[in-house]
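Undergrad: One structure follows; several queries about it will come next.
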Amino acid sequence: MAWFARFRSSSRPIYSTSLLKSIFMKQSRRTLLSDPAVEAAATGHHHHQTHAPRILSWASSLLPMALAVSVSAGALVFHSHNNPSLCDASNLDQSGVRIGGKDSTDYEVKGSYKKLPRGLIDELKVICKGNLTMDYEERYFHGKPQNSFHKAVNVPDVVVFPRSQEEVSKILKLCNDHKVPIVPYGGATSIEGHTLSPNGGVCIDMTLMNRVKSLNIEDMDVVVEPGIEWMELNEYLEPYGLFFPLDPGPGATIGGMCATRCSGSLAVRYGTMRDNVISLKAVLANGEIVKTASRARKSAAGYDLTRLLIGSEGTLGVITEVTLRLQKIPQHSVVAMCNFPTIKDAADVAIATMLSGIQVSRVELLDEVQVKAINLANGKNLPEVPTLMFEFVGTEAYSREQTLIVQKIASEHNGTDFVFAEDPEVKKELWKIRKEALWACFAMEPKYEAMITDVCVPLSRLAELISKSKQELDASPLVCTVIAHAGDGNFHTVVLFDPKQEEQRKEAERLNHFMVHAALSMEGTCTGEHGVGTGKMKYLEQELGIEALRTMKKIKAALDPNNIMNPGKLIPPHVCF
């Protein structure tokens, strides 16, 4: 009971200003669509007195790390170059190293800006029925990822808000005809620069396409538009006793989750996005609409276009419809926590649990620094030591049996204070503080930004990698926390740094390099679930080999010969053929 007393010692929540901002921005966008300012932006007749209050109100609620960004005038200068080729020379920095490419250390993405063709805005306005904006604050918001320290030299020229697949098709065909770059945009929760617009162009905000198109209860699948958030979807499904099991950060949309091939804490039981999508519809660069598969649970009909598009990060097409595999809401669940003297002990228990054959639903690892952040942000009094969190699901008897088996495993690896909860409110609060771990970190350094790593290794190497990384992190002058999806070998570190201090940014980058190269040496990956974007491109040749990257570039060139689809992402610029 002492543990529950510690946990319930305060009900003070984590106030995620980023989430509040995201909600407010979505409300603002709905207002924006009928705002005279849209008309003004498109026609050039500005009504400053109408638009200024809206800018002030959302700008005042910026996430602390966004406030810390000091964007110099030079960072937003529109540079004029020739169109990038299949071997993109426009990304060269002064030393001759391509930004985002092999050996790059620059995090500001260069681009080849070209002024929009005359009349394009008018045509877009007709297609979108006025649902667009050229307001600078909106364009900057869409061009600067809210949870990422990455930035680009340019922002989009215009943001459009399509409401249908047909509108998306017309937008892409128009942009392809004029060779204007496009960047798809969802929940803005990505952290690797996926939604940057280094070449300007058109940002396609998909959040108004957020309907549930059909629910097939007996087949346990659902057809949705890409703009619906996974949390909203689960609220819709709950009365039917069903849920969609992937749980990335709050605010993530289904389209963005497909584009980045995300997962979350439940992946250890239910798999990643590629395992839970049955079929897709997507619009290609030329405006063609492609259906990747039927609604059947399995098919051997042709190339697996569904898996090709999942993880393509908007570089091959814009996803407009997704058919998802659903699960029954578990009959019963138990959440357990256990403390350990070292992070290696905790990782060893996670590995031993998986090897025991127990089908755990979640295995999450937090180091002592992360627990300290949670205590600080929530007013809790949890022991500040490496901690494992488990979830067991099934019947009441089965869940409890699993809990007791894992308790025995933990005791054999120096585990102490093994406690578990079955009360729904306690369980909900436990997972809430885990999901908001990133925001808890900013309670320690409110004005700092975060570099978040995402390495993943074969499960047998997890304890070794975490121990090796932890030594390096503890020796660093920066505040660093560890959060791991320990059941599938994936772990994150949140490295906090002052963006105004170049030495701190370089130290954060050094730590990131260290962990990525350590993971790659153990047959792991640079990104388990966050995707590549611009931030991870420089590691892909070492991980996959140049032949694989050339194959990717050939696919990209075949489907997007004008290179308008989210250019400068995923495929390193030094890859040529």
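The values are calculated or read from the model by the stated rules, or taken from the named source; none is laboratory data. Everything numeric in this text was worked out from a predicted model, so none of it was measured. Glycine gets a Cβ as well: all are built from the backbone with ideal geometry, and neighbour counts include every protein chain shown. Surface areas here come from the heavy atoms of the whole protein model, side chains and all, with no ligands, DNA or RNA. Shrake-Rupley method; radii C 1.70, N 1.55, O 1.52, S 1.80 Å.
Undergrad: On the basis of being charged (D, E, K, R), touching a Phe, Trp or Tyr at 6+ places or on another chain (Cβ under 9 Å) and open to solvent by 10 Å² or more (accessible area, probe 1.4 Å), does residue 144 make the cut?
TA: Taking the combined requirement at face value, the residue does not satisfy it.
Undergrad: On the basis of being open to solvent by less than 20 Å² (accessible area, probe 1.4 Å), assigned to a loop (DSSP other than H, G, I, E, B) and in contact (Cβ under 8 Å) with a residue 24 or more places away in the chain, does residue 180 make the cut?
TA: So residue 180 fits the description; yes.
Undergrad: How many of the residues in region 287-301 are open to solvent by 70 Å² or more (accessible area, probe 1.4 Å) and closer than 28 Å to residue 566 by Cα?
TA: Going through region 287-301 one residue at a time, the tally reaches 3.
Undergrad: If you don't mind, there's one more thing I want to ask. Within region 327-360, track down each residue that is surrounded by fewer than 23 Cβ atoms within 10 Å (Cβ to Cβ), of a type outside the set (Val, Ile, Thr) and in a loop (DSSP other than H, G, I, E, B).
TA: Once the filter is applied, which keeps residues that are surrounded by fewer than 23 Cβ atoms within 10 Å (Cβ to Cβ), of a type outside the set (Val, Ile, Thr) and in a loop (DSSP other than H, G, I, E, B), region 327-360 yields 330, 331, 341, 356, 357, 359.
Undergrad: Something else about it: Tell me which residues, restricted to region 171-218, are under 25 Å from the mean Cα position of the chain (by Cα), of a type in the set (D, E, K, R) and within 18 Å of residue 283 (Cβ to Cβ).
TA: 205, 211, 213
Undergrad: Condition first: under 30 Å from residue 163 (Cα atoms), in a helix (DSSP H, G or I) and in contact with a strand residue (DSSP E or B) (Cβ under 8 Å, 6 or more places away or on another chain). Can you find one or more residues in region 363-373 that meet it?
TA: Scanning region 363-373 turns up no residue that is under 30 Å from residue 163 (Cα atoms), in a helix (DSSP H, G or I) and in contact with a strand residue (DSSP E or B) (Cβ under 8 Å, 6 or more places away or on another chain).
Undergrad: Taking residue 217, is it at pLDDT 95 or above and open to solvent by less than 20 Å² (accessible area, probe 1.4 Å)?
TA: Taking the combined requirement at face value, the residue does not satisfy it.
Undergrad: When you check residue 524 against the structure, is it within 21 Å of residue 263 (Cβ to Cβ), under 19 Å from the mean Cα position of the chain (by Cα) and touching a residue at least 24 places away in the same chain (Cβ under 8 Å), yes or no?
TA: For residue 524, the condition - within 21 Å of residue 263 (Cβ to Cβ), under 19 Å from the mean Cα position of the chain (by Cα) and touching a residue at least 24 places away in the same chain (Cβ under 8 Å) - is not met.
Undergrad: Please go through region 120-140 and pick out each residue that is hydroxyl-bearing (Ser, Thr, Tyr) and either open to solvent by 60 Å² or more (accessible area, probe 1.4 Å) or in contact with a Pro (Cβ under 6 Å, 6 or more places away or on another chain) (or both).
TA: Correct list: 136 only.
Undergrad: Could you list, ordered by first residue, the pairs with Cβ atoms under 6 Å in which the first is in region 305-328 and under 18 Å from residue 192 (Cα atoms) and free of Cβ contacts under 8 Å to residues at least 60 places away in the same chain and the second is part of a helix (DSSP H, G or I) and open to solvent by 20 Å² or more (accessible area, probe 1.4 Å), at least 6 apart or interchain?
TA: What qualifies is 310/274.
Undergrad: Something else about it: Return the pairs, sorted by first residue and then second, in which the second residue is at pLDDT 95 or above and open to solvent by 50 Å² or more (accessible area, probe 1.4 Å), the first residue lies in region 116-132 and is over 15 Å from residue 168 (Cβ atoms), the beta carbons are less than 9 Å apart, and the residues are 6+ apart or on different chains.
TA: Hits for this filter: 116/178; 117/178; 117/179; 120/178; 121/134.
Undergrad: Going by the conditions given, is residue 536 buried (at least 17 other Cβ atoms within 10 Å of the Cβ) and either among the β-branched types (Val, Ile, Thr) or in contact with a Cys (Cβ under 8 Å, 6 or more places away or on another chain) (or both)?
TA: yes
Undergrad: Those residues that are among the polar types (S, T, N, Q), out of contact with any Leu (no Cβ under 6 Å at 6 or more places or on another chain) and in a helix (DSSP H, G or I), I need them from region 542-563; list them, please.
TA: If the condition is that a residue be among the polar types (S, T, N, Q), out of contact with any Leu (no Cβ under 6 Å at 6 or more places or on another chain) and in a helix (DSSP H, G or I), then 551 is the only one that fits.
Undergrad: Any idea which of (1) in a helix (DSSP H, G or I); (2) in contact with a strand residue (DSSP E or B) (Cβ under 8 Å, 6 or more places away or on another chain); (3) of a type in the set (A, V, I, L, M); (4) open to solvent by 20 Å² or more (accessible area, probe 1.4 Å) is the one residue 376 doesn't satisfy?
TA: Residue 376 satisfies every listed condition except (2).
Undergrad: For region 139-154, name all the residues that are assigned to a loop (DSSP other than H, G, I, E, B) and more than 22 Å from residue 251 (Cα to Cα).
TA: Within region 139-154, 153, 154 qualify.
Undergrad: Conditions: (1) closer than 30 Å to residue 355 by Cβ; (2) open to solvent by less than 10 Å² (accessible area, probe 1.4 Å). Residue 227 meets all but one. Number of the miss?
TA: In the conditions (1) closer than 30 Å to residue 355 by Cβ; (2) open to solvent by less than 10 Å² (accessible area, probe 1.4 Å), residue 227 misses (1) alone.
Undergrad: Separate question: Would you mind stating whether residue 507 is in contact with a Pro (Cβ under 8 Å, 6 or more places away or on another chain) and more than 17 Å from residue 192 (Cα to Cα)?
TA: It is true that residue 507 is in contact with a Pro (Cβ under 8 Å, 6 or more places away or on another chain) and more than 17 Å from residue 192 (Cα to Cα).
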